[in-house]
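Participant: One structure is given below, represented as structure tokens, and several questions about it will come after.
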Amino acid sequence: MNQADVDVAKLIVGDQEIELPIIEGTEQERSLDIGKLRATTGLVTLDDGYVNTGSTRSAVTFLDGERGVLRYRGYGIEELASQCDFVEVAYLLIHGELPSSEELQNFRMKLRRHTMLHEDMRLFYDGFPRDAHPMAILSSVVGALSTFYQDSLDPHDSGQVYESIVRLVAKLPTIAAFAHKKSVGQPFVYPRNNLTYCENFLRMMFSVPSEEYECDPDFVEALNLLLIVHADHEQNCSTSTVRMVGSSNANLFASIAAGISALWGPLHGGANEACVAMLEQIRQDGGNVQKYVKMAKDKNSDYRLMGFGHRVYKNFDPRATIIKASCDKLLKKRGINDPIFEIAQQLEEVALNDEYFVERKLYPNVDFYSGIIYRAIGIPVQMFTVLFAIGRLPGWISHWREMHASATKRICRPRQVYTGDNQRAITPIDQR
Ligand code: SDX
């Protein structure tokens, strides 16, 4: 494209006028390339929370917050959730294309051969307190994978990277289920290679040596859908963390461990746990949803409706729509009458008709209904964000690889605006 075809923005700084190229993505979203800004003007940009700042080009996921569109590698989330299973979607995100049946079978078999942990890793669990939060265990044990698999740490060796990818996707459910077993004082259950990804996880979570365990197909179906809709979400907080840590050439295990920690926050992946706690509190408080909506609107309180609002979705979160339908179907089919589902629906109804929420375009997000499905399956509330991490792992991996494959890859190191003291001399301590 010659210079004349490049769209530009003009910036006037004092008596200087510069042109900054406007680049356009494949979905016609436009951005200002400020790559030359500091060199030509000495200026840096300031954008708290990166509300207006793109950190990278990416071909993994496209989302349109106004139209409620979410696509992984060009495929709509609705089609993926209804036509694929999670391992297939993980393959799509990581490899960039949907697998043939042979490629998928090979991927499944590869994963099944890496589901066990090194026996010495079990000793970590002896050291955690019984009430340790499973997200702390998850990030600790995932980080420690780098000590047991020192043969696959080089981020520039594609064979080693792929070995680490398979190990992570295969072992995360095992690490998670072991954390749950530790918390309930039951013996750890080893993975079985004859089970599917979701069947294996549920069996490691809930089976006990004293009786046979039958996987409930309804729960397997619901879990599979939840993992798919959590699998990626472009440059969210935890994915940006994985990219940031990976940009220093830290190994994949260390980068994913950092992403798990970022996801734990209640403003991010921790919202599903916080949302169910909020719904439970409303239930115990007589189901008075108006009272909690009022609290959320009160600018003097920092109370927020967990599971509501989103940085990007300003219309509706397509995942919330999918999850709500799955939740409704599962509860009806199993005849489960979960009072907090009723409360969630009432809360949604009240909030969506309240000016405060409408004006700020606050809608239920991915975390609003997911916890109710997890509860129906029997997942303890402290494990909800762990399930989010299992779902998001293929997304984190695909972004980490894309960052390393980028011709413009460099260490992420933002600038700042200094607002501290100007230079001053040290006062000797006996005069302070
Ligand atoms: C996830 O980025 C991603 O893609 C994340 C995620 C993913 O898949 O990776 O989608 C997963 O993290 C979903 C979000 C889960 N978090 C929650 O449900 C926590 C509750 N929601 C919020 O805290 C908030 O909505 C965020 C964190 C999600 C978004 O924060 P923003 O974009 O920084 O918005 P903001 O805090 O600037 O809020 C804008 C206004 C403020 O009011 P004013 O100052 O304009 O008067 O909306 C208000 C906020 O007070 N507001 C809320 C609210 N969320 C925003 N008020 C009440 N309840 C809420 N939930």
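The values are calculated or read from the model by the stated rules, or taken from the named source; none is laboratory data. Quantities reported herein were computed from a predicted structural model and do not represent experimental measurements. Using ideal geometry, Cβ is built from the backbone for each residue, glycine included, and neighbour counts are taken over all protein chains shown. These accessible areas exclude ligands, DNA and RNA; they are computed on the full protein's heavy atoms, side chains included. Shrake-Rupley method; radii C 1.70, N 1.55, O 1.52, S 1.80 Å.
Participant: With n ≥ 4 as the cut-off for DSSP H runs, can you work out [θ] at 222 nm for the chain, using -39500 (n - 2.57) per run divided by the number of residues, rounded to the nearest 500?
Facilitator: -16000 deg cm²/dmol
Participant: If you place +1 on the Cβ of every Lys and Arg and -1 on the Cβ of every Asp and Glu, how big does the dipole about the Cα centre of the chain come out, in debye to the nearest 20?
Facilitator: My answer is approximately 760 debye.
Participant: Compute log10 of I(q)/I(0) for the chain with the Debye formula, placing one identical point scatterer on every Cα and leaving out solvent, at q = 0.10, 0.14 Å⁻¹, to two decimals.
Facilitator: Once normalised to I(0) and log-transformed, intensities are -0.77, -1.36.
Participant: Report the rotationally averaged projected area of region 348-432 based on its alpha-carbon convex hull, in square nanometres.
Facilitator: 14.1
Participant: Further, regarding this structure: Could you work out the relative contact order of region 1-120? I mean the mean sequence separation of Cα pairs under 8 Å and 6+ apart, divided by the number of residues, in percent.
Facilitator: Dividing the mean separation by the residue count of region 1-120 yields 10 percent.
Participant: Can I ask one more? Once fully extended, how much extra length lies between T427 and R130, figured as 0.36 nm per residue of separation less the alpha-carbon to alpha-carbon distance?
Facilitator: Difference between extended and current length: 102.0 nm.
Participant: At 0.36 nm per residue, and after removing the present C-alpha to C-alpha distance, how many nm does the segment from T53 to K294 gain when stretched out fully?
Facilitator: The T53-K294 span can extend by a further 83.5 nm.
Participant: Please identify, among R192, R30, R108, the residue showing maximal mean-square fluctuation in a Gaussian network model of the chain using a 10 angstrom Cα cutoff.
Facilitator: With Cα springs under 10 Å in the chain, the top fluctuation among R192, R30, R108 is at R30.
Participant: What is the helix-to-structure angle for 197-206, meaning the angle in degrees between its Cα long axis and the longest Cα principal axis of the chain, kept from 0 to 90 and rounded to the nearest 10?
Facilitator: 60
Participant: Compute the FRET efficiency between E342 and K314 as 1/(1 + (r/R0)^6), taking r as their Cβ-Cβ distance and R0 = 30 Å, and round to the nearest 0.05.
Facilitator: So the FRET efficiency works out to roughly 0.65.
Participant: Further question: What FRET efficiency comes out for the pair K10/D216, r = Cβ-Cβ distance, R0 = 51 Å, nearest 0.05?
Facilitator: 0.25
Participant: Which residues in region 281-313 have a backbone N closer than 13 Å to a point placed 7 Å from the Cα of Y356 along the Cα-to-Cβ line?
Facilitator: In region 281-313, the label zone of Y356 (backbone N under 13 Å from the point 7 Å along Cα→Cβ) covers 289-306.
Participant: Hey, what's the chain come to in accessible area per residue, 1.4 Å probe, Å²?
Facilitator: 51
Participant: Taking the chain as a Gaussian network, Cα atoms linked when under 10 Å apart, which of D85, D367, D15 shows the biggest mean-square fluctuation?
Facilitator: Per the Cα network of the chain with a 10 Å cutoff, D15 tops the list.
Participant: Now, a different point. Normalising by the residue count of the chain, find the relative contact order in percent from Cα pairs under 8 Å and 6+ residues apart.
Facilitator: 19
Participant: Using a Gaussian network model on the chain with a 10 Å cutoff between Cα atoms, which of N422, N288, N52 fluctuates the most?
Facilitator: N422
Participant: How high is the relative contact order of region 336-404, given as a whole-number percent (alpha carbon pairs under 8 Å, six or more residues apart)?
Facilitator: Reported as a whole number, the value is 25 percent.
Participant: How far, in nm, would the chain grow between M109 and R38 when pulled straight, counting 0.36 nm per residue and subtracting the alpha carbon separation?
Facilitator: 20.5 nm
Participant: Return the distance in nm (one decimal) between the two label points of a simple spin-label model at R415 and D120, each offset 7 Å from Cα along Cα→Cβ.
Facilitator: It is 4.7 nm.
Participant: Based on C-alpha coordinates, I'd like the Rg and Dmax of region 1-129, in Å.
Facilitator: Rg and Dmax of region 1-129, Cα atoms, are 22.9, 68 Å.
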